[in-house]
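Notes follow once the structure below has been shown.
The values are calculated or read from the model by the stated rules, or taken from the named source; none is laboratory data. No experiment lies behind these values; they were computed from the predicted model shown. No Cβ is skipped: glycine too gets one built from the backbone with ideal geometry, and neighbour counts run over all protein chains shown. Only protein heavy atoms, including side chains, enter the accessible area calculation; ligands, DNA and RNA are left aside. Shrake-Rupley method; radii C 1.70, N 1.55, O 1.52, S 1.80 Å.
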Amino acid sequence: MTTLLSPTAAPTPEGDCTVINFSVPGAPRGKARPQARAFMGKVQRFKDSKTVAYESLVRLVASEAMENRGRIDDPVFVEIDVFVEPVASTSRSRYSEMIAGRIKPTKAPDLDNIVKSILDGCNGVVFRDDVLVVKIAATKSYAVSSRVEVNVSRVP
């Protein structure tokens, strides 16, 4: 990928966006559990800073893909394809097997936590709220470069 942002959108005859496609560059980040600390006898809860940064990146890329269109207020189908790089110490033969898809990534981050981060990043930008997501398809595979590809479409 040569650019940081690579959003596309397919308009309907009405000019509204039915399909939003975008790619989030870099290593995917799963949604971390909120942290808690005691301060002056009260418990304060806060999000992990890395999770906040990743959701902000998703929000930035998603807003570029929306191209000043209004967010979707209808039920949506979200497809998420997660691509992770094999570790640098992987042997050549094993690396080839991973890239060819014969070996699947079964290490962290968990796919469900990545999906949560992506949906939270899209909240209020692509769709009004993630309650509108009525169908999800997600996959995790090895690739030469890490990224997450997202497709959001209205459900008829």
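Across segment 96-114, the number of residues qualifying as within 21 Å of the chain's Cα centre (by Cα) and loosely packed, with under 14 Cβ neighbours inside 10 Å comes to 7. Quick one: is Arg147 more than 16 Å from Pro28 (Cβ to Cβ) and open to solvent by 40 Å² or more (accessible area, probe 1.4 Å)? The answer is no for Arg147.
Scanning segment 85-115 for residues that are part of a helix (DSSP H, G or I) and closer than 21 Å to Lys31 by Cα returns Leu111, Asp112, Asn113, Ile114, Val115. Of all the listed residues (Ala38, Ala65, Ala27, Ala53), the sole one being more than 14 Å from the chain's Cα centre (by Cα) and hydrophobic (A, V, I, L, M, F, W, C) is Ala38. Based on what the data block shows, is Val52 assigned to a strand (DSSP E or B), open to solvent by 40 Å² or more (accessible area, probe 1.4 Å) and at pLDDT below 95? When the stated conditions are applied, Val52 does not pass them. Taking the listed residues Ser117, Ser89, Ser93, the one that is surrounded by 19 or more Cβ atoms within 10 Å (Cβ to Cβ) and polar (S, T, N, Q) is Ser117, with no other qualifying.
The condition of being under 18 Å from Val152 (Cα atoms) and outside any helix (DSSP H, G or I) holds for Val82.
Close Cβ contacts (under 7 Å, 6 or more residues apart or on different chains) running from residues in segment 71-99 that are of a type in the set (Ser, Thr, Tyr) to residues that are open to solvent by less than 30 Å² (accessible area, probe 1.4 Å) comprise Thr90/Met98; Tyr95/Pro86.
Within segment 114-134, residues that are of a type in the set (S, T, N, Q) reach partners that are assigned to a helix (DSSP H, G or I) with beta carbons closer than 9 Å, at six or more positions or on different chains, in the pairs Ser117/Thr51; Ser117/Tyr54; Ser117/Glu55; Ser117/Val58; Asn123/Glu55; Asn123/Arg59; Asn123/Asp130.
Going by the conditions given, is Thr18 outside any loop (DSSP other than H, G, I, E, B), within 23 Å of Val133 (Cβ to Cβ) and at pLDDT below 90? The answer is yes for Thr18. Identify all residues within segment 116-156 that are assigned to a loop (DSSP other than H, G, I, E, B) and of a type in the set (Asp, Glu); write none if there are none. Hit for segment 116-156 is Asp129, nothing else. Restricting attention to segment 65-79, the residues that are outside any strand (DSSP E or B) and either at pLDDT 95 or above or under 18 Å from Val115 (Cβ atoms) (or both) add up to 2.
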